[in-house]
Amino acid sequence: MRRMELTNPGMALTDVILDIFRVNSLLLLQGDRLVAELGLTSARWQILGAIVYAPRPEPVAWLARDLGGNRQNVQRIVNDLHKEGLVAFQPNPHHRRAQLVVLTEKGRTAFDSAMQLWTPWANNLARGLTAKDIGTMASVVKALRKKLEDSSSIDEE
């Protein structure tokens, strides 16, 4: 088997991806700490956010797609949120078995409380970074995500 060498952009991207992995781990850890007093975890908070920001109620499979997550993992967390009264299920007029997931009042309160904790934390984390640099980073991350989502655009030689 022929060993391929990384190009300069390939090496730079590898370094960035390793940093993204580290940042993701740190964000999850810090997020867990931030919302622990609310009885949430980063994963639960993410799902509540996906429900809040969805244009309409969605089934678990769509929430998982929106989050880039595994449907089974999202289902497990949604079931836990349901047991705790943070979400409810509604009939889906388009699919009998795939119920729609909606926030309860308790879920809305938990999410809003998490966002109240998030706001000063995010502002402090952004301190010293310019909006332009953050915008550039967001554009690059979105472009990478798009390429990964459309894996047919990646040349696998």
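The values are calculated or read from the model by the stated rules, or taken from the named source; none is laboratory data. Bear in mind that the values here come from a model prediction, so they are computed numbers and not experimental data. With ideal geometry, Cβ positions are generated from the backbone for all residues, glycine too; neighbour counts draw on all protein chains shown.
The rows are residues; the columns are (1) among the acidic types (Asp, Glu); (2) touching a Gly at 6+ places or on another chain (Cβ under 7 Å); (3) not in a loop (DSSP other than H, G, I, E, B).
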{"position": "Ala12", "(1), (2), (3)": "no, no, yes"}
{"position": "Leu18", "(1), (2), (3)": "no, no, yes"}
{"position": "Leu27", "(1), (2), (3)": "no, no, yes"}
{"position": "Leu40", "(1), (2), (3)": "no, no, no"}
{"position": "Leu48", "(1), (2), (3)": "no, yes, yes"}
{"position": "Arg56", "(1), (2), (3)": "no, no, no"}
{"position": "Ala64", "(1), (2), (3)": "no, no, yes"}
{"position": "Gln75", "(1), (2), (3)": "no, no, yes"}
{"position": "Asp80", "(1), (2), (3)": "yes, no, yes"}
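Taken over region 87-118, the criterion of being under 15 Å from Ser42 (Cα atoms) and free of Cβ contacts under 8 Å to residues at least 60 places away in the same chain is satisfied by Gly107, Asp112, Met115, Gln116. Residue count for region 114-150 under the criterion of being under 18 Å from the mean Cα position of the chain (by Cα) and among the hydroxyl-bearing types (Ser, Thr, Tyr): the result is 2. On inspection, Pro93 does not qualify as at pLDDT below 95, closer than 29 Å to Pro120 by Cα and over 14 Å from the mean Cα position of the chain (by Cα).
Of all the listed residues (Asn70, Asn8, Asn79), the sole one being modelled with pLDDT of 95 or more and farther than 30 Å from Asn124 by Cα is Asn79. Within region 32-55, the set of residues being surrounded by fewer than 16 Cβ atoms within 10 Å (Cβ to Cβ) and farther than 14 Å from Leu117 by Cβ comprises Val52, Tyr53, Ala54, Pro55. Scanning region 86-130 for residues that are touching an Asp or Glu at 6+ places or on another chain (Cβ under 9 Å) and more than 26 Å from Val60 (Cα to Cα) yields one hit, Leu117. Across region 88-115, the number of residues qualifying as among the charged types (D, E, K, R) and either part of a loop (DSSP other than H, G, I, E, B) or on the phi > 0 side of the Ramachandran plot (or both) comes to 2.
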